[in-house]
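The values are calculated or read from the model by the stated rules, or taken from the named source; none is laboratory data. Given the structure is predicted, the values throughout are model-derived calculations rather than measurements. Because the Cβ atoms are built from the backbone with ideal geometry, glycine has one as well, and the counts that use them run over all protein chains shown. Ligands, DNA and RNA are stripped out before the accessible areas are found, and what is left, the full protein with its side chains, is counted by its heavy atoms. Shrake-Rupley method; radii C 1.70, N 1.55, O 1.52, S 1.80 Å.
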Amino acid sequence: MKKVLVLEDNKRTCDMISQIIYDTCELVEVYSIEEVGKAYKCALENTIDLFIVDIILDTSVPGDISGIRFVDSIRQIQGYQFVPVIIVTSLEDPKLYSYEELHCYGYIEKPFDPERIKKLVLECMKFSDGKVKKQKLYFRKDGILVSVNRDAIVYVESINHVAYFHMVNNDTLDIPYLTLKNFLKTVDSDDFIQCSRQCVVNEKYISSVDSVNRYITLTEDKGILEIGIMFKKRLRGAS
C-alpha cells in the first residue's frame, strides 16, 4: 500500500487533494495534516511514498515559506533524499531555485487543476517502488520518542498489550500499547512476517522453518518460535 502525506494548512484544500488521490490510486493511504510538527512526526513513524506540501503554512506570517523548510528537513532523513515531493503554490514563479535544490518532482498551482494533480500523483507512484527503506524506526514510550534500528530487530512479541522487541545484541525493548498490526504498518517491510497472533519475526534471522511441527529456528542461537495454525502458509518457503 502506498502512503501519501499531504501537508496543507487549509483543511478544505487538504481534504480536496486527499480525495483526488483516493479517486486516482488504488491501495493508497493518505495522511492529511495541517501542522508541520505533526507532519514531521508522521514521516518518522511511517514510510511515506509521496509528499504533497504547501509552501505557505501560516498566512499570519509575512513571507512564510515553512513548507519549504519542512521539505528541507525531510531531505536530511535517510530514505527520504529522493522520495517524490510535489509543491503546492500560489506564487507567480513556481520554478524557484529552491525547488530544484530540494529535488521536488513538480508543482501544483492554485486554483487547482484536478487532472494535473492526478497526472503528477500517478507519475510519482511509479518512482516510489525504488525508495530506500528507513533504517530507523520511531516509537513513543512514556512521552519520549524512541529510535530502533530496523535490521537489529530479531522478533517482536506482544504480551498483555506490550510489544517486546528482541534485538540482535540480546537486549529487549518494551513499547506499551503497540499492537503487532501497528508495528507492521510502521516497519512497512516484507522482511517482517507474522508467525502467530503474538509474534512477528524478521526473516533475515530465520535459520529454518518446520511447518509440520510448526516452529521456527532462529539464527545465532536466538531460540525457537512457535508458528500459529493460521500462519503456516505465510512461512512456507522462508528459510
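Annotations
- Single residue of segment 51-86 satisfying the filter (modelled with pLDDT under 90 and among the aliphatic types (A, V, I, L, M)) that is farthest from L120 (Cα to Cα): V61
- Residue match in segment 64-84 (condition: outside any helix (DSSP H, G or I), out of contact with any Pro (no Cβ under 6 Å at 6 or more places or on another chain), loosely packed, with under 14 Cβ neighbours inside 10 Å and charged (D, E, K, R)): no
- Count - residues of segment 160-206 that are open to solvent by 60 Å² or more (accessible area, probe 1.4 Å), under 19 Å from G228 (Cβ atoms) and assigned to a strand (DSSP E or B): 1
- Only one of D190, D210 that is acidic (D, E) and within 19 Å of the chain's Cα centre (by Cα): D190
- Scan of segment 1-41 for residues that are open to solvent by 40 Å² or more (accessible area, probe 1.4 Å), in contact with a helix residue (DSSP H, G or I) (Cβ under 8 Å, 6 or more places away or on another chain) and in a loop (DSSP other than H, G, I, E, B), ordered by number: E34
- For V162, the stated conditions hold: it is more than 30 Å from V85 (Cβ to Cβ), more than 21 Å from the chain's Cα centre (by Cα) and at pLDDT 95 or above.
- Restricting V201, V154, V168 to residues that are within 30 Å of D49 (Cα to Cα) and touching a Gly at 6+ places or on another chain (Cβ under 9 Å) narrows the list to V154.
- On inspection, K141 passes the criterion of being open to solvent by less than 80 Å² (accessible area, probe 1.4 Å), of a type in the set (K, R), under 30 Å from I175 (Cα atoms) and at pLDDT 85 or above.
- Residue within segment 111-132 that is part of a loop (DSSP other than H, G, I, E, B) and modelled with pLDDT under 75 present: yes
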